[in-house]
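Asks: Take this structure first; my questions come after.
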Amino acid sequence: MTKRILIILVLGLIAVGVGLVGMADRLVAGLLHVGYGAPVPWALWVVFYIYFIGLSAGAFLISSLIYVFGFQRFEAAGRLAVFTALVSLIAALIFIAVDLGRMERAFLPFLRPNFTSPLAWIIWLYTAYFILLLAESWFLMRRDFARGKQAGGLKGTLYRILALGTKEDSDVARARDLKVVRVLGAIGVPLAIAFHGGTGAVFAVTVARAYWYSGLFPIMFLVSALASGGALLTALVAFALRNGYARHRDLVIGLGQLLALLIFVDALMEIAEVLVSLYGTAPAHFIPIQEQLFGPNWYIFWFLGVGCALGLPLLILVTVGRKSGLWTGLAALVSAIGFVGIRWNIVLPGFAVEELPGIGRSFLEPHWAYGLYVPSPMEWAVSLFAIGLALIIFALGYTVLPLEKREA
Amino acid sequence: MPENALLRMQADLKRALGKPVAERHWGMVIDLKKCVGCNSCTVACKVENNTPPGVTYHVVLEEEIGRYPNVTRRFLPRPCLQCEHPPCTRVCPVNATYRRADGIVVIDYDVCIGCRYCLAACPYGARSFDFGEFYTAEQTPHLAEYDLNPNFEYGREWRRHPANRNASPIGNARKCTFCLHRLEKGMLPACITTCIGGARFFGDLNDADSLVAQQAASPRVMRLKEELGTEPSVSYLL
């Protein structure tokens with residue numbers, strides 16, 4: 001295990017340790033200690049859920065550039081991309097599971113789905129996508145499992161299990177497998193667009209919330225997913241792979257330039273949304289924007305969103321990033337973290353406007369108060385737990401699985 | 001002597017209960033000229049359904065208009081509007097919430113997974129979620145009686161207890177049911193009988209002879225957010 005991966009593992013273990021208290025409370029007291037209520041029914045965990053599902057879709061779609069559209073330049077990052085997509089998906093699913101009022105009923109959308117609900121569609125689509133990711137990962141790595149199972153110890157045993165009976169490892173066999181990967185990737189592209197556009201549709205179809213009710217929303221979701229997933233992938237290649245930004249300089253810079261384009265498009269959409277909504281007099285449209293830009297949480301928009309996710313990385317990528325793998329990696333890392341702010345500002349401003357005038361003053365009770373939402377300590381703890389778990393899975397997977405392409 | 005509106009509505013109710021369920025359309029009309037903003041209806045609903053903190057089916061919106069000395073206040077009681085085209089039922093991933101044939105939008109506490117999509121989708125903020133709160137503070141050793149009393153929504157006995165937070169309706173979406181459990185016993189909803197101003201009317205909108213259908217035909221009538229096409233079953237007289 002390299003030192004960097006060890007750091008990721010230790011961070012993950014600390015996060016899980018700290019978060020365990022929150023998780024215990026979640027299991028015993030249910031949603032009692034969350035900071036949100038009926039007026040703000042979706043909050044921090046939903047923000048993290050759409051963040052991670054976006055990372056997954058983005059990383060996967062970039063992997064499809066390699067395996068479906070033949071972008072040879074990015075090939076060294078292929079398996080890492082698919083694996084990142086898998087771990088991000090798991091994190092997203094953990095977040096949405098803890099957010100359910102009745103976690104133990106999470107299987108019901110499979111038994112009695114209501115397909116007029118975008119939420120039902122995407123649950124089914126995620127499941128299909130999960131299976132596809134597992135299959136694609138297996139076809140990418142099974143020859144390495146076959147080759148490595150002779151080795152002794154734990155790794156050998158694990159590889160023998162994961163090989164699922166694969167015996168042969170040859171260039172011909174690998175080429176055949178890549179054809180299967182190509183088919184899976186090709187199925188995965190519309191699938192990823194469907195589930196992530198569908199996640200956007202979950203918000204977009206609500207006539208009740210003018211901030212969300214727009215055909216633009218599913219598109220914004222896809223663009224943000226590609227940008228954030230691309231950012232994470234670039235940062236992982238630069239800093240998680242052995243000597244990443246030095247050994248894979250061309251790859252990192254190439255990913256960085258793609259990222260710059262994606263960030264640019266995302267920024268354009270943000271600008272359009274902000275300017276158009278601020279223009280008119282309709283409170284349902286300008287209040288959510290006004291709150292984001294000038295309200296108590298202004299720093300989420302300006303610092304995390306405009307600064308970290310979009311502005312600073314774009315600036316670096318189009319200047320020093322064009323020649324430097326290190327700078328590209330740093331810009332990508334900052335961007336990946338900043339996108340949490342972008343995702344926050346997708347969910348929370350939807351609840352900035354009272355459904356009916358005066359409803360905020362009509363009643364006051366715990367979990368039924370209109371006004372500023374602040375995540376409770378329990379929410380943060382559970383979030384740490386889920387993120388820590390993802391870091392641990394990533395670190396262990398990275399150590400054990402053959403994610404770096406076999407050197408010829 | 002003018003007829004007593006409550007007695008008339010009770011007779012209307014009895015007649016409607018004699019019809020097949022699918023032929024009824026439960027509806028409400030609220031006369032805003034008569035509403036004085038006392039919130040008795042809000043309290044009656046709380047008591048009838050024994051809703052915990054955080055779960056509030058009925059509210060009265062209050063708006064102050066004009067400029068001194070020409071100021072006034074107006075009040076708008078808001079139960080669930082029991083829409084004919086509910087945005088909430090469309091988005092439930094498991095069909096836990098659905099519109100009955102008689103127009104009432106209900107929630108099946110045995111199915112609801114607590115995703116709260118319906119809360120986000122309601123244009124009127126009419127839905128609540130049971131977070132497992134109790135009126136008695138967490139650290140107090142003994143809970144008050146009103147925390148432990150059951151409620152009888154949907155004709156079943158629902159009990160809540162802090163030791164059992166994994167039992168419905170905790171963790172479920174909850175909403176006004178037009179006091180369905182009372183209707184089935186021939187009683188009008190609690191908010192209707194309690195109103196001190198006689199401002200509220202209830203009955204079968206499909207029955208041309210019912211008081212509520214006659215009130216709903218007034219030229220003073222309006223419905224909230226008509227432009228959304230939800231077709232509420234609750235209308236207001238301005």
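The values are calculated or read from the model by the stated rules, or taken from the named source; none is laboratory data. Just so we're clear, the structure is a prediction, and the values are computed from it rather than from any experiment. FYI the Cβ positions are ideal-geometry reconstructions off the backbone, even for glycines, and counts take in every protein chain you see.
Okay, residues lined up against (1) modelled with pLDDT of 95 or more; (2) surrounded by 24 or more Cβ atoms within 10 Å (Cβ to Cβ); (3) under 30 Å from residue A:320 (Cβ atoms):
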{"residue": "A:189", "(1), (2), (3)": "yes, no, no"}
{"residue": "A:217", "(1), (2), (3)": "no, no, no"}
{"residue": "A:220", "(1), (2), (3)": "no, no, yes"}
{"residue": "A:244", "(1), (2), (3)": "no, yes, yes"}
{"residue": "A:247", "(1), (2), (3)": "no, no, yes"}
{"residue": "A:251", "(1), (2), (3)": "no, no, yes"}
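Asks: Do you know which of the residues in the range B:36-52 that are under 21 Å from residue B:157 (Cβ atoms) and either in a loop (DSSP other than H, G, I, E, B) or within 12 Å of chain A (Cβ to nearest Cβ) (or both) is nearest to the chain's Cα centre (by Cα)? Before you say what the answer is, go through the steps one by one.
Replies: Pass one, the range B:36-52, residues under 21 Å from residue B:157 (Cβ atoms): B:44-52.
Still in the running and either in a loop (DSSP other than H, G, I, E, B) or within 12 Å of chain A (Cβ to nearest Cβ) (or both): B:45-46, B:50-52.
On the way: B:45: 8, B:46: 10, B:50: 13, B:51: 12, B:52: 15 Å.
For the range B:36-52, the residue satisfying everything is B:45.
Asks: Right, here's the next one. Could you tell me which numbered condition residue A:281 fails, if it satisfies all but one of (1) modelled with pLDDT under 95; (2) more than 14 Å from chain B (Cβ to nearest Cβ); (3) crowded, with 16+ Cβ neighbours inside 10 Å?
Replies: With (1) modelled with pLDDT under 95; (2) more than 14 Å from chain B (Cβ to nearest Cβ); (3) crowded, with 16+ Cβ neighbours inside 10 Å applied to residue A:281, the lone miss is (3).
Asks: Continuing with this model, one more query. Within the range B:157-195, how many residues are on the phi > 0 side of the Ramachandran plot and either modelled with pLDDT under 95 or surrounded by fewer than 19 Cβ atoms within 10 Å (Cβ to Cβ) (or both)?
Replies: Number satisfying all stated conditions: 1.
Asks: Which residues, counting only those in the range B:115-129, are under 17 Å from residue A:121 (Cα atoms) and part of a loop (DSSP other than H, G, I, E, B)?
Replies: B:115, B:116
Asks: How many residues are outside any helix (DSSP H, G or I) and buried (at least 21 other Cβ atoms within 10 Å of the Cβ) if we restrict to the range A:137-151? Write out each step before concluding.
Replies: Step one: of the range A:137-151, the residues outside any helix (DSSP H, G or I) are A:149-151.
Restricting the remaining residues to those that are buried (at least 21 other Cβ atoms within 10 Å of the Cβ) gives none.
The number of residues fulfilling the criteria is 0.
Asks: Restricting attention to the range B:67-107, which residues are over 16 Å from the mean Cα position of the chain (by Cα), more than 9 Å from chain A (Cβ to nearest Cβ) and not in a strand (DSSP E or B)?
Replies: B:68, B:69, B:85, B:101
Asks: If residue A:123 satisfies all but one of (1) in contact with a Pro (Cβ under 6 Å, 6 or more places away or on another chain); (2) modelled with pLDDT under 95; (3) within 14 Å of chain B (Cβ to nearest Cβ), what's the number of the condition it fails?
Replies: The failed condition is (2).
Asks: Right, something else. Which of (1) in contact with a Ser or Thr (Cβ under 7 Å, 6 or more places away or on another chain); (2) β-branched (Val, Ile, Thr); (3) surrounded by fewer than 21 Cβ atoms within 10 Å (Cβ to Cβ) does residue A:306 not meet, given it meets every other one?
Replies: Going through (1) in contact with a Ser or Thr (Cβ under 7 Å, 6 or more places away or on another chain); (2) β-branched (Val, Ile, Thr); (3) surrounded by fewer than 21 Cβ atoms within 10 Å (Cβ to Cβ) one by one, residue A:306 breaks only (1).
Asks: Of all residues in the range B:20-34, which are touching a residue at least 40 places away in the same chain (Cβ under 8 Å) and closer than 14 Å to residue B:100 by Cβ?
Replies: If the condition is that a residue be touching a residue at least 40 places away in the same chain (Cβ under 8 Å) and closer than 14 Å to residue B:100 by Cβ, then B:21, B:22, B:23, B:24, B:25, B:26, B:27 are the ones that fit.
Asks: Give me the residue from the range A:23-55 that is small (Gly, Ala, Ser) and under 22 Å from the mean Cα position of the chain (by Cα) and, out of that set, nearest to residue A:130 (Cα to Cα). Show your work before the answer.
Replies: The initial filter retains those residues of the range A:23-55 that are small (Gly, Ala, Ser), namely A:24, A:29-30, A:35, A:37-38, A:43, A:54.
Now restrict to residues that are under 22 Å from the mean Cα position of the chain (by Cα): A:43, A:54.
Values: A:43: 25, A:54: 14 Å.
Here the residue is A:54.
To keep it simple, each residue is scored yes or no on (1) farther than 25 Å from residue B:204 by Cα; (2) basic (Lys, Arg).
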residue: B:100; (1), (2): no, yes
residue: B:105; (1), (2): no, no
residue: B:109; (1), (2): yes, no
residue: B:119; (1), (2): yes, no
residue: B:129; (1), (2): yes, no
residue: B:133; (1), (2): yes, no
residue: B:136; (1), (2): yes, no
residue: B:145; (1), (2): yes, no
residue: B:149; (1), (2): yes, no
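Asks: From the list A:38, A:97, A:106, exactly one residue is within 14 Å of chain B (Cβ to nearest Cβ) and in contact with a Ser or Thr (Cβ under 6 Å, 6 or more places away or on another chain). Which is it? I'd like the intermediate steps shown before the answer.
Replies: Numbers: A:97 fails: in contact with a Ser or Thr (Cβ under 6 Å, 6 or more places away or on another chain); A:106 fails: in contact with a Ser or Thr (Cβ under 6 Å, 6 or more places away or on another chain).
From the options A:38, A:97, A:106, the qualifying one is A:38.
Asks: Could you identify the single residue in A:260, A:240 that is at pLDDT 95 or above and within 27 Å of residue A:89 (Cα to Cα)?
Replies: Working: A:240 fails: at pLDDT 95 or above.
The unique qualifying residue is A:260.
Asks: Just one of (1) within 14 Å of another protein chain (Cβ to nearest Cβ); (2) β-branched (Val, Ile, Thr); (3) part of a helix (DSSP H, G or I) trips up residue A:116, so point out which.
Replies: (3)
Asks: Touching a helix residue (DSSP H, G or I) at 6+ places or on another chain (Cβ under 9 Å), within 14 Å of chain B (Cβ to nearest Cβ) and modelled with pLDDT of 95 or more - does that describe any residue in the range A:128-147? Let's see the steps before the verdict.
Replies: First pass over the range A:128-147, keeping only residues touching a helix residue (DSSP H, G or I) at 6+ places or on another chain (Cβ under 9 Å): A:128-130, A:132-147.
Still in the running and within 14 Å of chain B (Cβ to nearest Cβ): none.
Within the range A:128-147, not a single residue is touching a helix residue (DSSP H, G or I) at 6+ places or on another chain (Cβ under 9 Å), within 14 Å of chain B (Cβ to nearest Cβ) and modelled with pLDDT of 95 or more.
Asks: Another one. Name the residue that is surrounded by the fewest Cβ atoms within 10 Å (Cβ to Cβ), counting only residues in the range B:53-66 that are touching a Phe, Trp or Tyr at 6+ places or on another chain (Cβ under 9 Å) and part of a strand (DSSP E or B).
Replies: Only one residue tops the list, namely B:63.
Asks: Taking the range B:133-176 on its own, how many of its residues are in a loop (DSSP other than H, G, I, E, B), under 28 Å from residue B:92 (Cβ atoms) and either in contact with a helix residue (DSSP H, G or I) (Cβ under 6 Å, 6 or more places away or on another chain) or facing another protein chain (nearest Cβ under 9 Å) (or both)? Write out each step before concluding.
Replies: We begin by selecting, within the range B:133-176, every residue in a loop (DSSP other than H, G, I, E, B); these are B:133-144, B:149-150, B:152, B:156-157, B:159-172, B:175-176.
In the following step, the residues that additionally are under 28 Å from residue B:92 (Cβ atoms) were identified as B:133-134, B:150, B:152, B:156-157, B:159-162, B:164-172, B:175-176.
Filter again for either in contact with a helix residue (DSSP H, G or I) (Cβ under 6 Å, 6 or more places away or on another chain) or facing another protein chain (nearest Cβ under 9 Å) (or both), leaving B:133-134, B:152, B:162, B:165-166, B:168, B:170-172.
Total satisfying the criteria: 10.
Asks: Hey, another quick one. So, in the range A:328-364, how many residues would count as being touching a residue at least 60 places away in the same chain (Cβ under 8 Å), small (Gly, Ala, Ser) and buried (at least 19 other Cβ atoms within 10 Å of the Cβ)?
Replies: Going through the range A:328-364 one residue at a time, the tally reaches 7.
Asks: Look through A:164, A:134, A:111 and report the one residue that is touching a residue at least 24 places away in the same chain (Cβ under 8 Å) and either surrounded by 14 or more Cβ atoms within 10 Å (Cβ to Cβ) or under 30 Å from residue A:50 (Cα atoms) (or both).
Replies: Working: A:164 fails: either surrounded by 14 or more Cβ atoms within 10 Å (Cβ to Cβ) or under 30 Å from residue A:50 (Cα atoms) (or both); A:111 fails: touching a residue at least 24 places away in the same chain (Cβ under 8 Å).
Being touching a residue at least 24 places away in the same chain (Cβ under 8 Å) and either surrounded by 14 or more Cβ atoms within 10 Å (Cβ to Cβ) or under 30 Å from residue A:50 (Cα atoms) (or both) holds for just one of A:164, A:134, A:111, which is A:134.
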